[in-house]
1. Express as a percent, rounded to the nearest 5, the fraction of DSSP beta bridges in the chain (both residues included) that run antiparallel.
2. Lys/Arg Cβ at +1, Asp/Glu Cβ at -1, dipole of the range 159-230 taken about the Cα centre: which of TYR174, LEU207, THR219 is farthest positive-ward?
3. Quick one: grab Rg to one decimal and Dmax as a whole number for the range 137-183, Cα atoms only, in Å.
4. Using only the alpha carbons of the chain, determine the length spanned along each of the three principal axes and report them from longest to shortest in whole angstroms.
5. Leaving out ligands and nucleic acids, and using a 1.4 Å probe, what accessible area per residue does the chain come to in Å²?
6. From the alpha carbon gyration tensor of the range 129-218, can you work out the equivalent ellipsoid semi-axes (sqrt of 5 times each eigenvalue) and give them in Å, largest to smallest?
7. For the ranges 181-193, 9-21, what's the packing order if you count other beta-carbon atoms within 10 Å of each residue, average per peptide, and put the highest first?
8. Take GLU175 and GLU138, extend 7 Å from each Cα along the Cα→Cβ direction, and tell me the distance between the two endpoints in nm.
Amino acid sequence: MQEQRSRNGVPAYQRIQSAIRKRIEAGQLRSGDAVASERDLAKLHQVSLMTARHALASLERDGIVERRRGIGTFVSSPKIHFNKLMSYTEQMAGRSLTANSKILFARVIFDEQEVAARLALPPTSGVIKLERLRHAAEQPFALETCYLSAVAFPNLLSAPLGRESLFKILERDYELELGYADEEVDATAADPRTAELLGVLRRDPLLRIRQLIYSSKGTTIMYVLGFYRSDRHKLMIRRFR
């Protein structure tokens, strides 16, 4: 059928998907917002109801939207996958969202003995502390603080940490091969500062993840303490037997 193709030869259902993804990326549609119904999409894009249904079904499989029987279709919350080590930038890219960072603190410190111990460093070692407020679709999604050895990663603070993925910088500039992470996950209440930064109420529930990241050779690379808005994230855990 002619409706199945656009002027550029792109299948009509992909055209619909692209339009919805662009609205999400631009912040016009946010997590929890309703997406146009199959009937409205069919009318808007001048396609059959089946084509519109196929577009939404494909977006649902990709985790972009979720359909609630008898209610409608809504933009999904970003998912944190526990079966793959991914940077926050990669997590957001998987949702067709562009992650942006506002650097709140970037300095070498010498008074974080607990962090130094986690990184298997002497107590008074210099540690890079990088605190970033992570945004996507013009919304604050997470507050992450990364700690790395200042000796092992000289000049890291000169890298474009506000624009690029930290994982990519480590892999490219320091020729690191990231291997795996040990993670502790729990719930906590937002303190006044974190609540203000993330745009939530004080004492609102947050997802807290402590992450110790290793190279493929088993060397400790980085400790990350992250606070994630519980209304913007879901944990996706795949277990094997």
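1. 95 percent
2. LEU207
3. Values for the range 137-183 (Cα only, Rg and Dmax): 12.4, 36 Å.
4. 68, 41, 40
5. Ligands and nucleic acids excluded, the result is 57 Å² per residue.
6. Value: 27, 16, 11 Å, ordered largest first.
7. 9-21, 181-193
8. Roughly 4.4 nm, to one decimal.
The values are calculated or read from the model by the stated rules, or taken from the named source; none is laboratory data. Computed from a prediction, not measured in an experiment: that's the story for all the values here. Positions of Cβ are backbone-derived with ideal geometry, glycine not excepted, and every protein chain shown enters the neighbour counts. Areas reflect the complete protein model, heavy atoms only, side chains present, ligands, DNA and RNA absent. Shrake-Rupley method; radii C 1.70, N 1.55, O 1.52, S 1.80 Å.
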